[in-house]
Amino acid sequence: MPTPALLLAFSEPGEAIPEIEFHDWYDNEHIPPTLSVPTFLSWRRVEAADGKSPRWGAYYDTTSFDEIQSYLASGTKSSEREKRIFAQGKYFQCRIYEAYEGAPIYPPSSLFDPNSSPSFVVFRSVDVKSEGLEEYNKWMDEEHIPLLSKCPGWIRSRRFILRTSGLVGANGIVADPNSPPKILAIHEWAALEGMGGAEFKKAVSTEWRSRVMANVVGEERRVFKFYKSWQRE
């Protein structure tokens, strides 16, 4: 059975693209053609809740890396507006991940609803030294996520491994000179208050965490709030 994959996109239209046009293009032109493509399983747009740039994100569950890669490489016809937005916009990046299969998936909380979207999502990615990778994965699976699951508002956590990333322009996707960290965790929340309580502080302050973080050599953390989602046509 193919390994599930995730397409994660970040965008910043910049001053050259009016925000109203950016959203009209994304919501009414960019996403609709994918709603009938079998490899796409979910469609969610999010807006930064951490004050950082890029301000906009989107993440899509897909059937497999090969199938989403094939779709992106197929050269689906772009409109003139889409070409202009990619050419004039400030920043467009896409990343493709495969689900991490090194351990059983930790079950979601009772707040999880497969037919709805979380109010908030945290994208947390790291690079880890090879000698510390096994322990890092063990810590995530056996301590960190189980502790997060006790925090109020936690919905679920999923883990992925980066396969490829690129910058999107008028002529398609080109190699990203600044490749993101390779190990991604997506934490979905019903509310952000859970990330400020005693349970959360415990999850991020254990002795085991201190040991594994000594081998982390690159990291990125973004917090987004729900903006819009779609259902298959």
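The values are calculated or read from the model by the stated rules, or taken from the named source; none is laboratory data. Note that the coordinates shown come from a computational prediction; the quantities given were computed from them, not determined experimentally. FYI the Cβ positions are ideal-geometry reconstructions off the backbone, even for glycines, and counts take in every protein chain you see.
Can you tell me which residue is farthest from F112 (Cα to Cα) among those in the stretch 128-150 that are assigned to a loop (DSSP other than H, G, I, E, B) and touching a strand residue (DSSP E or B) at 6+ places or on another chain (Cβ under 8 Å)? Quick ask: steps written out before the conclusion?
Filtering the stretch 128-150 down to residues assigned to a loop (DSSP other than H, G, I, E, B) leaves 129, 149-150.
Subsequent filtering for residues that are touching a strand residue (DSSP E or B) at 6+ places or on another chain (Cβ under 8 Å) retains 129, 149.
Working: K129: 33, S149: 12 Å.
Only one residue tops the list, namely K129.
Do you know which residues across the stretch 2-28 are buried (at least 16 other Cβ atoms within 10 Å of the Cβ) and of a type in the set (D, E, K, R)?
Once the filter is applied, which keeps residues that are buried (at least 16 other Cβ atoms within 10 Å of the Cβ) and of a type in the set (D, E, K, R), the stretch 2-28 yields only E12.
For S157, which of the numbered conditions (1) over 25 Å from F112 (Cα atoms); (2) surrounded by 15 or more Cβ atoms within 10 Å (Cβ to Cβ); (3) of a type in the set (G, A, S) fails to hold?
(1)
Quick check on the stretch 67-80. Is at least one of its residues out of contact with any Asp or Glu (no Cβ under 7 Å at 6 or more places or on another chain), over 16 Å from Y227 (Cβ atoms) and among the basic types (K, R)? Don't jump to the end; show me each part of the working.
Just the residues of the stretch 67-80 that are out of contact with any Asp or Glu (no Cβ under 7 Å at 6 or more places or on another chain), to begin with: 67-78, 80.
Within this subset, residues satisfying the condition of being over 16 Å from Y227 (Cβ atoms) are 67-78, 80.
Then drop every residue that is not among the basic types (K, R), which leaves 77.
Yes - at least one qualifying residue is present in the stretch 67-80.
Residues that are polar (S, T, N, Q): find the strands (runs of 3 or more DSSP E) completely inside the stretch 162-233 holding 3 or more of those.
Working: elements: 172-175, 183-189, 216-230.
The strands (runs of 3 or more DSSP E) meeting that bar number zero.
For residues that are among the hydroxyl-bearing types (S, T, Y) and over 22 Å from the mean Cα position of the chain (by Cα), scanning just the stretch 72-94, find the one that is farthest from G14 (Cα to Cα).
Just the residues of the stretch 72-94 that are among the hydroxyl-bearing types (S, T, Y), to begin with: 74, 76, 78-79, 91.
Remaining after also requiring over 22 Å from the mean Cα position of the chain (by Cα): 74, 76, 78-79.
Working: S74: 28, T76: 25, S78: 20, S79: 20 Å.
So, considering only residues that are among the hydroxyl-bearing types (S, T, Y) and over 22 Å from the mean Cα position of the chain (by Cα), the one farthest from G14 (Cα to Cα) is S74.
Looking for something closer than 18 Å to F10 by Cβ, at pLDDT below 95, within 20 Å of the chain's Cα centre (by Cα) and buried (at least 17 other Cβ atoms within 10 Å of the Cβ) - is there at least one such residue anywhere in the stretch 171-181? Steps first, please.
Within the stretch 171-181, the subset closer than 18 Å to F10 by Cβ is 172-181.
From what is left, the residues that are at pLDDT below 95 are 172-179.
Adding the requirement that they be within 20 Å of the chain's Cα centre (by Cα) leaves 173-179.
Keeping just the survivors that are buried (at least 17 other Cβ atoms within 10 Å of the Cβ) gives 173.
Yes, the stretch 171-181 contains at least one residue that is closer than 18 Å to F10 by Cβ, at pLDDT below 95, within 20 Å of the chain's Cα centre (by Cα) and buried (at least 17 other Cβ atoms within 10 Å of the Cβ).
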